[in-house]
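Below: one structure, written as structure tokens.
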Amino acid sequence: MTTAIIPVGLIFLIGGLGSPSWSRSELSQLGLWKYCVFSDIFTCCDNLPGGSPGWVKATIVFHIFGMFGGAVCLLFTIFTMCVSNFKFHTRVHHAIWISSALTVFCLAISVGIFSANYHKESWLSGHYTSAGFHITVCACVVFLAICVAMLIFSFQDHNRVQDISNYMTPINWTKYNQDRSLEAWLSHIDPKLDKIEINEASTREKDAIVQLISRTWKPHLAGKGRDAQQRGYSQMKVVKVERIENPSLFLKYAQNRHDLLRRLDTTNRPFKFPGMTNHGPIETTVNMNKNVFADIYPEINEHYLFHGTSDATVRAIAYGGLDARLAGDGMFGRGIYAAECPTKSDHYTGTAMSNLKMIVVRMLLGEIYVTNVAYPFQRPPCKQCIPGNIDKCNNSAHKHDMFDSVMAALDGKHREFITYEQNRCSSYPEYIITYNRE
């Protein structure tokens, strides 16, 4: 929206600078460049800059400074909107606010000088402000609105980190809803009872998940590949969707999410996105119904992904979460694996054709290391040591400069996302899908 408004403000500024007049009467008009006297017999225009009053010169100078400020504001806004590196860069947002504030300051002085002086000159008696003056005032109002909008944006962005520290439950939860914070729910639950609810999802949630599966399923890859455990089908039909409400597990997840948001807020360095590579954005986030799954933070690479598992392990996952320590030795090491394509996750749900289980899991991917080479990672690599040591960095000075996850992209078929947890919770299993292969 800001990108669309700033050019309008600049057009107003150009129109004001080149306008024939800023004030006029029945017999004369005064612009920033000429003073014209006209009658039925003759018209005479004199160029002003050589012998113009000082207040007119000051009006011109501050107007031009305002135009430069508006152009700089537009330039920074284009960078913010079009270049991924600047999309969430706090310093660039501050530069937009400062340049728009300087534009407003210069224009306010320009308009103020002119409006305070033009009626004081005897040779301008009977004059009133005209269209050129008014469109410059409009330009000032436009850039003032941009300045206020950027302030509000910065305030909301700051509060986004502060608000999430309240650790509220997801908006779709029904038993442990947002009437209380997670801590409040945990303190009110009878310790003799299970602090977990597994209930059938609403029709709205189920429809959104079925739609997400239909948009991301790849039938030509169903049951194919070395990880596939069954053949002879091309579709998955959803039978039931259940929602897992586990306040204790989600609190750990929310605390980790808060840490990532604070890191984004304090480092002024945007996270790397898979979309910056040749692989494209994460399909689940592109195709998800954002009216149903609204409380997600893609700026820290929080995404919904699919995780295939057996029926025997679903309840343990619902209670304790996904545990990298219990995972097998995968192609990219021992970690928590998830995929944007349910066809890939289906390969790990067993050999049966009916009543299979798949989990829709939230994952905090943070800064992602993208690789197309199989490597048994023990943890994500150090950003300062790649491509040499991969995950073998022992430099204590680098401990805060590690990637948070790995995205494996092999053969252009399926992408997998892996986290290697250590004393934190980077995933939360939220929905259990029961389905049949057809």
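Data overview
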{"quantity": "Residues satisfying the stated conditions in region 198-217, i.e. touching a helix residue (DSSP H, G or I) at 6+ places or on another chain (Cβ under 7 Å) and surrounded by fewer than 16 Cβ atoms within 10 Å (Cβ to Cβ)", "calculated": "215"}
{"quantity": "Count of region 347-365 residues which are in contact with a Pro (Cβ under 9 Å, 6 or more places away or on another chain) and part of a loop (DSSP other than H, G, I, E, B)", "calculated": "1"}
{"quantity": "Pairs, first more than 23 Å from residue 285 (Cα to Cα) in region 341-352, second part of a helix (DSSP H, G or I), C-beta under 8 Å, six or more apart", "calculated": "350/311"}
{"quantity": "Filter result for residue 9 (under 29 Å from residue 149 (Cα atoms), open to solvent by less than 20 Å² (accessible area, probe 1.4 Å) and either free of Cβ contacts under 8 Å to residues at least 60 places away in the same chain or outside any loop (DSSP other than H, G, I, E, B) (or both))", "calculated": "yes"}
{"quantity": "Region 111-122: number of residues that are open to solvent by 50 Å² or more (accessible area, probe 1.4 Å) and either in contact (Cβ under 8 Å) with a residue 40 or more places away in the chain or under 10 Å from residue 23 (Cβ atoms) (or both)", "calculated": "2"}
{"quantity": "Among (1) in contact with a Pro (Cβ under 6 Å, 6 or more places away or on another chain); (2) at pLDDT 80 or above - the single one residue 89 does not satisfy", "calculated": "(2)"}
{"quantity": "Of all residues making up region 18-50, the number that are open to solvent by 30 Å² or more (accessible area, probe 1.4 Å) and under 30 Å from residue 149 (Cβ atoms)", "calculated": "1"}
{"quantity": "Matching entry among 327, 338, 316 (being within 17 Å of residue 421 (Cα to Cα) and free of Cβ contacts under 8 Å to residues at least 40 places away in the same chain)", "calculated": "327"}
{"quantity": "Looking only at region 289-331, and only at residues there that are in a helix (DSSP H, G or I) and acidic (Asp, Glu), the one that is modelled with the lowest pLDDT", "calculated": "299"}
{"quantity": "Breaking point among (1) under 19 Å from residue 228 (Cβ atoms); (2) hydrophobic (A, V, I, L, M, F, W, C); (3) touching a Gly at 6+ places or on another chain (Cβ under 9 Å); (4) buried (at least 16 other Cβ atoms within 10 Å of the Cβ), for residue 341", "calculated": "(3)"}
{"quantity": "Verdict on residue 55 being at pLDDT 85 or above, open to solvent by 70 Å² or more (accessible area, probe 1.4 Å) and farther than 16 Å from residue 139 by Cα", "calculated": "no"}
{"quantity": "Given (1) more than 15 Å from the chain's Cα centre (by Cα); (2) modelled with pLDDT of 80 or more; (3) outside any loop (DSSP other than H, G, I, E, B), index of the condition residue 286 fails", "calculated": "(1)"}
{"quantity": "Matching option when the condition is in a loop (DSSP other than H, G, I, E, B), among the acidic types (Asp, Glu), under 30 Å from residue 244 (Cα atoms) and at pLDDT below 85, among 194, 163, 157", "calculated": "194"}
{"quantity": "Residues within region 359-393 that are at pLDDT 65 or above, open to solvent by 30 Å² or more (accessible area, probe 1.4 Å) and not aromatic (Phe, Trp, Tyr), tallied", "calculated": "11"}
{"quantity": "Qualifying positions in region 197-226 - among the charged types (D, E, K, R) and in a loop (DSSP other than H, G, I, E, B)", "calculated": "218, 224, 226"}
{"quantity": "Criterion: open to solvent by 60 Å² or more (accessible area, probe 1.4 Å), at pLDDT 90 or above and either of a type outside the set (S, T, N, Q) or assigned to a helix (DSSP H, G or I) (or both) - qualifying residue of 104, 61", "calculated": "61"}
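The values are calculated or read from the model by the stated rules, or taken from the named source; none is laboratory data. Predicted model only: the values in this text are computed from it and were never measured. Don't worry about glycine lacking a Cβ; one is built from the backbone with ideal geometry, like all the others, and counts go over all protein chains shown. SASA here: full protein model, heavy atoms, side chains in, ligands and nucleic acids out. Shrake-Rupley method; radii C 1.70, N 1.55, O 1.52, S 1.80 Å.
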